[in-house]
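What follows draws every value from the coordinates through simple rules; no lab data is involved. This structure is a prediction, so every number in the text was calculated from the model and none was measured. Note: ideal-geometry Cβ built from the backbone for every residue, glycine included; neighbour counts use all protein chains shown.
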Amino acid sequence: MTNDKIISIILEKVDYTIDEEIKKLLQSTKVRKEMLKKYGAKAFLDPKELKFPVINPKTGNFDCKLIYAALLRSSVYASKGSSKHPKDYYVGIKAKAIELYKSQGCSKILKINLNQEEIDVLSIGSIFNITESEYDNIIDKTNYIG
């Protein structure tokens, strides 16, 4: 079995997709502004631009799926930058996401089971040596909200 097939099977089993209702809420700038007002700067990894939301707008709690999506997205752009921001911006966002991922216990929440052995979803990349284009594919499957 090829790595692509293995990765595909794993991704089908991992439940880290952001709920549709949360995605819809986060698409609204009005909701994001309300989140900033209600929960403060901690609601976003970039509160100035209301980017990289990490708090569930319905519960007010940190959401590991949102943190994971922010971590993946920032990881990809940390290597190439974007038209709006240089690489360093994304390196900083990635560092914040990793710190939050650890402090919120996301490695315990976003576990996958492979042959009766639980692993943190973040370790998939190192296990299978995932390339940048494969990370893009993973990000597409997370249904990330920018």
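Amide H to amide H distances under 5 Å link residue 51 with 46, where only residues 5 or more positions off or on other chains count and H is placed in the peptide plane. Peptides 19-27, 74-82 ranked from most to least packed give 74-82, 19-27, packing being the mean of other C-beta atoms within 10 angstrom over each peptide's residues.
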